[in-house]
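Report on the following structure.
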Amino acid sequence: MKELYWIKRTVVLLCVAFWALPAKADEGMWLLPLLRSQQLDEMKALGLKLQDYDIYNPENASLKDAVVIFGGGCTGGVVSSDGLVLTNHHCGYGAIQAHSSVEHDYLTDGFWATTRSQELPNPGLSVTFIDQIEDVTTFVKKELKKDKNPNSMNFLSPKYLNNLAKQKVGEKFLKANPGTQVEIKPFFGGNQYYMFVKKIYPDVRLVGAPPSSIGKFGADTDNWIWPRHTGDFSVFRVYADKNGNPAEYSENNVPLHPKRWMKISIKGFNEGDFAMIIGFPGRTNHYYTSWEVAERRDIDNAVRINIRELRQKAMLEEMLKDLKVRIQYSSKYASSENAYKNSIGSNWAINKRDFEAVKRAEQAALLAWGKEANAPQYENALLTLEQIVSDRKDLRFRKWMLEEAILRGIEFTSVPTDVDSVVKALKGKDMKCIQAQMSSLSNAFHRFFDKNYSPDVDRKISKIMLAEYRRLIPSRSCPEYFDIIDTKYKGNVNHFIDELFKISIFASPENFARFVEHPSPKALEEDPMVLFARSVKKERKALNESLQEFEDGYSLAHRIYVEGLLKMRADEPQWPDANSTMRLTYGQVKGYSPRDCDYYGCQTTLDGVMEKEDSTNWEFVVPKRLKELYAKQDFGPFGLNDGKMPVALCATTHTTGGNSGSPVMNANGELIGLNFDRNWEGVGGDIEYLPEYQRSIIVDIRYVLFLIDKYAGATDLIKEMDIVLK
């Protein structure tokens with residue numbers, strides 16, 4: 001407990017006045033219903049020309065109704081009366097990849113539907129509209145008081161809260177509104193609650209996407225980097241039944257006619273102009289304690305950086321050798337690289353701005369305030385949080401290593417492991433039962449061994465992952481199956497992996513076919529892939545259970561800690577951590593200086609694409625058609641006054657994962673771009689906003705329209721949009 005008492009020292013308390021300042025300009029992910037009371041005046045001072053009800057109106061259509069959850073983790077903006085949605089290329093990447101093959105490589109060549117009938121359906125992809133947002137704090141807290149267990153976790157339980165949501169709206173409402181779901185989300189650690197009424201449309205079709213040489217230009221080298229020159233966008237359309245209700249895919253479905261769609265501005269902007277973003281940021285950790293900051297840096301981020309660097313190097317080597325492998329692993333690689341660079345930037349920010357000291361000062365301020373207010377519960381909460389973080393250190397490191405190196409790093413850990421029923425059927429010799437179980441096993445095998453899986457790549461990466469895992473995790477803390485590796489294979493992971501891929505039923509379609517032809521319960525029971533995967537999953541379960549013992553105590557203490565901060569700052573606007581709910585952030589179009597004597601402007605152009613071109617590097621290949629348009633300066637109405645073609649911009653808006661695809665709007669609420677990234681110097685904003693460094697990276701809407709119109713020739717899509725010229 002030494003650190004907690006250390007932060008009480010006078011030298012720290014003298015800093016409190018500095019560290020406990022109100023929220024910095026441009027900081028925050030604000031709840032839309034509270035705009036008028038919290039941020040509207042500041043937004044207008046920066047240039048906003050709208051009223052709060054233009055952005056959010058519970059009674060009538062507003063800008064809020066043109067912003068959607070795209071898939072499970074991105075945002076999109078509706079841009080036409082026929083349900084056209086713009087999002088990022090990387091958000092639509094999975095759908096584009098699913099439709100791609102060596103014969104029709106839409107990742108490389110792009111895709112454009114010239115008629116509605118050519119638009120491609122995407123099973124499993126949905127678009128979600130937020131119909132209503134309601135503060136239900138009083139209702140939820142009244143219900144929570146009925147729970148007599150002082151340690152109950154219902155205050156954070158999604159199941160409990162969503163049952164309350166259904167209770168509040170009633171079954172009659174849900175039956176009368178097809179495709180509608182309700183959920184209640186906790187905010188500020190369970191000190192506040194909002195209910196969201198959502199309408200989910202499962203028929204979403206791919207309309208267009210540029211080639212990856214545009215949509216992913218710069219790929220891994222430029223990821224999390226500004227200046228940026230990526231045309232990161234894709235186009236989809238939402239379909240509904242003839243009554244406008246959500247419906248599964250059907251040829252009889254029609255384009256959705258939404259309540260609201262966005263106007264698009266091509267008149268441009270100047271540095272310093274107002275910008276705002278509405279989206280669905282996934283997660284931030286604004287209310288971390290100093291101990292959690294250190295834990296994030298020294299365990300979570302450190303493990304991810306180390307393991308993913310090894311995995312990505314091996315993956316990329318194989319992708320560059322073989323076109324088929326590149327298609328199979330491009331999405332996996334991009335996802336891995338994204339989190340890898342995020343962790344690097346997060347650690348840079350933690351150290352650069354000494355977030356530990358920031359949080360220590362915040363804690364010291366609360367201790368002083370709590371003492372004056374005769375509220376010892378806040379000191380007790382901090383003592384508890386410090387102890388919990390210390391006690392879970394070893395378990396957390398083991399969990400991160402298992403997740404990153406084994407469960408994420410080794411693909412064959414996802415082979416079917418629930419095979420007991422198959423074994424039982426085979427031993428029972430009931431042919432009808434055997435046929436049913438074998439059919440189920442076959443389906444499970446093909447879900448694992450799908451078109452995006454390469455056993456050769458998995459074999460190579462598995463050897464690297466296992467070697468690093470064994471180097472950092474003591475034998476006594478490894479999954480049980482590692483005893484067999486040590487005894488049977490003398491600890492030689494390469495020998496183990498090679499034999500695994502030779503003999504396992506699940507190592508190849510040929511092996512599986514031989515098993516199906518002559519099914520043996522013993523072979524299935526003793527299959528090394530199954531036994532290894534089971535052992536790993538058993539270890540994960542044990543670690544999760546051990547860590548869960550800390551979670552309840554942490555959540556209860558954290559709620560009290562955040563309650564104290566809210567009360568201490570009751571006269572200041574406060575924003576809750578991101579939790580995948582709709583938020584607004586605002587700021588200015590503005591460049592930044594990443595280091596001494598170095599300044600990056602707020603706008604990039606097509607000139608930069610041509611400057612970066614490298615035909616020998618897949619990340620920086622420029623399509624022939626784009627070079628032709630550039631040579632002719634054929635930019636249509638989308639170019640700048642100086643004859644250049646804008647590509648991207650950056651702004652001081654506060655964004656995080658989940659904001660990908662979020663519409664970026666000017667002071668009139670007109671679309672000027674799509675958010676698609678952050679600069680790596682700013683990813684520490686998930687913990688503390690960095691005004692000097694924090695920048696959202698945005699594809700300029702003029703570049704999007706230029707590519708749709710001039711590059712793809714999809715002029716009908718341009719005609720469908722509501723474009724503001726002046």
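Some notes on this structure:
- Kirkwood-based shape ratio for the stretch 557-596, expressed as Rg/Rh from alpha carbons: 1.15
- Whether the stretch 117-195 is rounded, prolate or oblate, judged on the alpha carbon gyration tensor where a/c under 1.5 counts as rounded: prolate
- By the Kirkwood approach, averaging reciprocal distances over each pair of separate Cα atoms, the stretch 156-231 gets a hydrodynamic radius of 16.3 Å.
- Between Asp642 and His257, the modelled labels are 4.6 nm apart [label points 7 Å from Cα along Cα→Cβ].
- Each part gets one Cα centre, and for the stretch 329-384 versus the stretch 191-265 those centres are 33 Å apart.
- Shape of the stretch 477-517 from the C-alpha gyration tensor: prolate (a/c of 1.5 or more and a/b above b/c, with a ≥ b ≥ c the square roots of its eigenvalues).
- Alpha-carbon centroid distance for the pair the stretch 614-635 / the stretch 653-726, whole angstrom: 22 Å
- Highest average first, the peptides 51-64, 390-403 ordered by how many other beta carbon atoms sit within 10 Å of their residues are 390-403, 51-64.
- Top positive-direction residue, dipole computed over the stretch 458-521 with Cβ charges, set Ile485, Ala467, Pro509: Ala467
- Sorting 294-305, 34-45, 545-556 by average packing, meaning the other beta carbons within 10 Å per residue, from highest down gives 294-305, 34-45, 545-556.
- Prolate/oblate/rounded call for the chain, Cα gyration tensor, a/c under 1.5 rounded: rounded
- What a 1.4 Å probe finds exposed on the chain is 50% carbon and sulfur by accessible area, rounded to a whole percent.
- Long-range lysine pairs (8 or more apart or interchain), the stretch 451-495, Cα under 20 Å: 4
- Reduced Cα scattering model of the stretch 115-270, Debye log10 I(q)/I(0), q = 0.15 Å⁻¹: -0.97
- Phi angles of the stretch 237-252 translate, via the Karplus equation with coefficients 6.51, -1.76, 1.60 and θ = phi - 60°, into HN-Hα couplings of 9, 8, 10, 9, 6, 5, 9, x, 8, x, 7, 4, 3, 7, 4, 7 Hz per residue; Gly and Pro are given as x.
- When you work out D = kT/(6 pi eta Rh) for the stretch 292-442 at 20 °C and 1.002 mPa s, using the Kirkwood radius from C-alpha pairs as Rh and the Stokes-Einstein form, the result is 108 µm²/s.
- Cross-link table Lys146/Lys393; Lys166/Lys432; Lys267/Lys612; Lys427/Lys502, entries beyond 32 Å C-alpha to C-alpha: Lys146/Lys393; Lys166/Lys432
- This model, with +1 at the C-beta of Lys and Arg and -1 at the C-beta of Asp and Glu, gives the chain a dipole about its Cα centre of some 1180 debye.
- Label-point separation in nm, Lys49 to Lys148, each point 7 Å along Cα→Cβ: 6.2 nm
- Shape metrics for the stretch 382-529, restricted to C-alpha atoms - Rg then Dmax, Å: 18.5, 62
- Computed on the Cα atoms alone, the convex hull of the stretch 202-283 gives a volume of 185 cubic angstrom per residue.
The values are calculated or read from the model by the stated rules, or taken from the named source; none is laboratory data. Predicted, not measured: the structure shown is a model, and the values here were computed from it. Cβ sites come from the backbone with ideal geometry, for glycine too, and all protein chains shown count toward neighbours. Please note that ligands, DNA and RNA were not included when accessible areas were found on the heavy atoms of the full protein model with its side chains. Shrake-Rupley method; radii C 1.70, N 1.55, O 1.52, S 1.80 Å.
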